[in-house]
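Worksheet: one structure, shown below.
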Amino acid sequence: AKTDDDSIRMVLIGPPGAGKGTQAPNLKEKFCACHLATGDMLRSQVTKQTALGIEAKKIMDQGGLISDEIMVNMIKSELSDNPDCKKGFILDGFPRTIPQAEKLDEMLKEKSIPLQKAVELKIDDELLVARITGRLVHPSSGRSYHKLFNPPKKEMTDDLTGEPLVQRSDDNADALKKRLVTYHNQTEPIVAYYQKTGIWSGIDASQSPSNVWSQILKCLGQ
Ligand code: AP5
């Protein structure tokens, strides 16, 4: 059985297509922790056509960011109410700005469960176009595939549920350009933030998914 001591509390940082959503399920399984992907949470609001979802879709399709306040509250309620998070958590897509990183630290300090690791998936922008434009996703689980690099067993079908795969509305070359600008301007500064606190590790994310996974395990001391 897992004890508090071997639980994991980490963030995955990286530009769109770096492999956060590909690697996070491996971490979730290995550490029995919860995987909180803010992009997936927002897309589920879009599907349900909530007021937040309708507003968020416009921003996401333009490659912008949803407000810090909304995102911080979203993570706060998951960390407090989701019983799976007691065993640890992998944050994927959050924090995405310095204020989000600061609020997260405050929130975890109050609970006396500080972050243990911030892993950055490092990759050049040029490699991301092919990854993003070929991506296929299973909306309800967030599982992602790639037409060429990681094809599903059956065309356009999720391996586990047999449900259809879709392409995200922000996965086109134009939106990607904007998402990359947003990443470099607003999210990349959190790398220096975590370097200062000493919990940062960087990994070359241009390697194969299995090599990236080994590197992640290595920097987690596994
Ligand atoms: P989000 O859903 O978080 O999107 P993102 O950060 O742009 O990241 P992606 O999901 O595109 O990339 P990924 O790294 O998960 O790549 P994947 O593993 O699938 O956010 C979407 C939007 O929501 C944001 O733009 C923003 O508007 C909003 N938002 C979310 N969080 C927010 C926040 N905190 N604050 C404000 N706004 C927020 O891999 C990509 C493809 O490559 C796949 O097809 C995969 O199969 C393939 N692949 C993966 N690894 C490899 C490899 N090693 N080699 C070859 N192919 C690979």
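Evaluate the following for Pro139: is it more than 26 Å from Lys218 (Cα to Cα) and modelled with pLDDT of 95 or more?
No, not satisfied.
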Considering residues of region 116-144 that are away from the ligand (no atom under 11 Å from the Cβ) and hydrophobic (A, V, I, L, M, F, W, C) only, the residue surrounded by the fewest Cβ atoms within 10 Å (Cβ to Cβ): Ala118
Pairs where the first residue, in region 202-222, is more than 14 Å from Thr22 (Cα to Cα) and the second is away from the ligand (no atom under 11 Å from the Cβ) and basic (Lys, Arg), C-beta under 7 Å, 6+ apart: Gly202/Lys122; Ile203/Lys122; Asp204/Lys122; Leu220/Lys117
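Within region 87-115, count every residue that is closer than 15 Å to Ile216 by Cβ and near the ligand (Cβ under 10 Å from one of its atoms).
The total comes to 2.
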Selection count where residues are within 16 Å of Gln167 (Cα to Cα) and of a type in the set (Gly, Ala, Ser), scope region 38-59: 2
All positions within region 3-58 that are of a type in the set (Lys, Arg), buried (at least 19 other Cβ atoms within 10 Å of the Cβ) and either near the ligand (Cβ under 10 Å from one of its atoms) or under 9 Å from the mean Cα position of the chain (by Cα) (or both): Lys20, Arg43
Any chance Leu136 is outside any helix (DSSP H, G or I) and not basic (Lys, Arg): yes
Residue in region 160-192 that is farthest from the chain's Cα centre (by Cα), counting only those that are under 26 Å from Asp105 (Cα atoms) and more than 14 Å from the ligand (Cβ to nearest atom): Ala192
Residues within region 86-118 that are within 18 Å of Glu69 (Cβ to Cβ), of a type in the set (D, E, K, R) and at pLDDT 95 or above, tallied: 5
Hits in region 26-66 (condition: within 17 Å of Gln100 (Cβ to Cβ) and part of a helix (DSSP H, G or I)): Thr38, Gly39, Asp40, Met41, Leu42, Leu52, Ala56, Ile59, Met60
Qualifying residue in region 128-137 (condition: within 16 Å of the chain's Cα centre (by Cα) and not aliphatic (A, V, I, L, M)): yes
Hits in region 70-85 - residues which are in a helix (DSSP H, G or I) and either touching a residue at least 24 places away in the same chain (Cβ under 8 Å) or near the ligand (Cβ under 10 Å from one of its atoms) (or both): Ile70, Met71, Val72, Met74, Ile75, Lys76, Glu78, Leu79, Asp84, Cys85
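The values are calculated or read from the model by the stated rules, or taken from the named source; none is laboratory data. All values derive from a computational prediction rather than experimental measurement. Using ideal geometry, Cβ is built from the backbone for each residue, glycine included, and neighbour counts are taken over all protein chains shown.
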